[in-house]
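We did not get these values from a lab; they are worked out from the coordinates using the rules stated. Everything numeric in this text was worked out from a predicted model, so none of it was measured. Cβ placement follows ideal geometry from the backbone for every residue including glycine, while neighbour counts extend to all protein chains displayed.
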Amino acid sequence: MGELETWQQEQISLAYLSAVATRAGATSAQWNVDKDGVDVTLKRDHIQVEFQMKCSFSPTLLADGETYAFDLDIRTYDCLRHKNRSAAGFLGLVVVPRDLNDWLVHDDESLLMHCVGYYARIQNLPAATTESTTRIHLPKQQRIDSDGLDRVFGYAFDRLFKPQSEEGGQ
């Protein structure tokens, strides 16, 4: 069994998001300092979204069998949910096999990633009621794939432009 380290989990989650974003027509930029709770900014059609990426080989699956739970630290949660963010904040969770050697299959014709990612919108959520972490739910239907990123960018667009018309231009 390949022994994994946390830096490898971080790197595969970033690689996953970058690959999916590329397929979805978005560019990505990684931050070398995680000061604002953000690992990656995605941009498509002049709209930006930001992700804090996490990776797990044993995520908590809720009783419904359709929702993962992740305990996010309060500092990052508060950064991602802040109302004055210029780009909407999301949590991404990439689920990988336990054995590092099973993450990638590489042959003469292809490179296959054995992992899947899910997202949760943190933007504008209420303040946490706990002190160290808060549990975030990531439904399996909120996959980080092309359709999922369409929804993420749609939310970001609506956040920027819909309130002006709905609130009488304020």
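So the values come out like this:
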{"read-out": "Residues of region 46-61 classified as free of Cβ contacts under 8 Å to residues at least 12 places away in the same chain and assigned to a loop (DSSP other than H, G, I, E, B), total", "value": "1"}
{"read-out": "Matching residues in region 39-53 - criterion: being surrounded by fewer than 23 Cβ atoms within 10 Å (Cβ to Cβ) and either in contact with a strand residue (DSSP E or B) (Cβ under 7 Å, 6 or more places away or on another chain) or of a type in the set (F, W, Y) (or both)", "value": "D39, V40, T41, K43, Q48"}
{"read-out": "Positions within region 108-130 being assigned to a loop (DSSP other than H, G, I, E, B), touching a strand residue (DSSP E or B) at 6+ places or on another chain (Cβ under 8 Å) and not polar (S, T, N, Q), in sequence order", "value": "H114, C115, I122, A128"}
{"read-out": "Criterion violated by K43 - all others in (1) over 22 Å from F153 (Cα atoms); (2) in a strand (DSSP E or B); (3) without any contact (Cβ under 8 Å) to a residue 24 or more places away in the chain satisfied", "value": "(1)"}
{"read-out": "Selected residue [under 15 Å from Q142 (Cβ atoms), among the charged types (D, E, K, R) and outside any strand (DSSP E or B)] from D34, D78, D64", "value": "D64"}
{"read-out": "Tally of residues being in contact with an Asp or Glu (Cβ under 9 Å, 6 or more places away or on another chain) and among the basic types (K, R) across region 20-43", "value": "1"}
{"read-out": "Cβ pairs under 8 Å, 6+ apart, first in region 129-153 and closer than 14 Å to L93 by Cβ, second among the charged types (D, E, K, R) and assigned to a helix (DSSP H, G or I)", "value": "Q142/R151"}
{"read-out": "Selected residue (only one of L160, L104, L72, L93 is within 22 Å of E5 (Cβ to Cβ) and more than 19 Å from the chain's Cα centre (by Cα))", "value": "L104"}
